[in-house]
Amino acid sequence: MIFKTIIFIVLAYLIGSLMSGYWIGRFFYHKDIRDLGSGNIGTTNVFRTLGIKAGIIVMILDIAKGVVAVLLPVFFGSIAVSPLILGLIAVLGHCFSVFMHFHGGKAVATTAGVMLGYNWRFFLVCFAILLFVLFLTSMMSAASISSFIFGTAYTFIFLQDHLLSIICVIATLVTLYAHRENIKRIFKGTESMLPLGLRYWLSKKTH
């Protein structure tokens, strides 16, 4: 059981370390996503620099990483740790990928996949928060941060899953750290907007 648990932890980390944004850019667009836009390997930068099609593919693949990591015990048998721990390991793999010299993305989509695989109802709550804030602000960073903060609060208020609450707190702290530059730009009013949402449309009307 202990050996299988170690194998699953390693697998979860390696799954999380697979950087779809980098490989999609390399193989299909012949571009290094690290040299484009913000330089981040994640979904949002792919949307901005490589287009909607590439962004959707990367988002699906990054979400799938979290789902697969959480469901490893379902596929191959139970282990001594919670599937949520495997999900957290996959998130850390995405942030600190062994294939990218321990650099990576901000793990928003991968964390969403973890929540989808573990508790799809909670995933829908967080996704609804993300869409609402994205509609208001037109900023994926603000929407992502809000979904983590309010989603974590939701677990404490409405759910009785203490491990989920702890994992959400850790994921929120990781997200805040990963978005530290975005947070600075949000307060300065210089954060990039996606071409959708209320703020984007209002900004177009005023120019």
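Tabulated values for the structure
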read-out: Among (1) touching a helix residue (DSSP H, G or I) at 6+ places or on another chain (Cβ under 7 Å); (2) free of Cβ contacts under 8 Å to residues at least 24 places away in the same chain; (3) part of a helix (DSSP H, G or I) - the single one L136 does not satisfy; value: (2)
read-out: Verdict on T172 being in a helix (DSSP H, G or I) and touching a residue at least 60 places away in the same chain (Cβ under 8 Å); value: no
read-out: Subset of segment 1-36 [closer than 22 Å to V91 by Cβ and either without any contact (Cβ under 8 Å) to a residue 60 or more places away in the chain or in a loop (DSSP other than H, G, I, E, B) (or both)]; value: I6, I7, V10, L18, M19, S20, W23, I24, G25, I33, R34
read-out: Looking only at segment 40-67, and only at residues there that are among the basic types (K, R) and modelled with pLDDT under 95, the one that is nearest to N182 (Cα to Cα); value: R48
read-out: Exclusive hit being assigned by TED's automatic domain parsing to the domain that holds L14, in contact with a strand residue (DSSP E or B) (Cβ under 6 Å, 6 or more places away or on another chain) and closer than 30 Å to T190 by Cα, set G93, G113, G104; value: G104
read-out: Any hit, segment 9-26, residues being in contact with a Leu (Cβ under 8 Å, 6 or more places away or on another chain), over 26 Å from E181 (Cβ atoms) and β-branched (V, I, T); value: yes
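The values are calculated or read from the model by the stated rules, or taken from the named source; none is laboratory data. Treat the numbers as computed from the prediction; the structure is a model and nothing was measured. Positions of Cβ are backbone-derived with ideal geometry, glycine not excepted, and every protein chain shown enters the neighbour counts.
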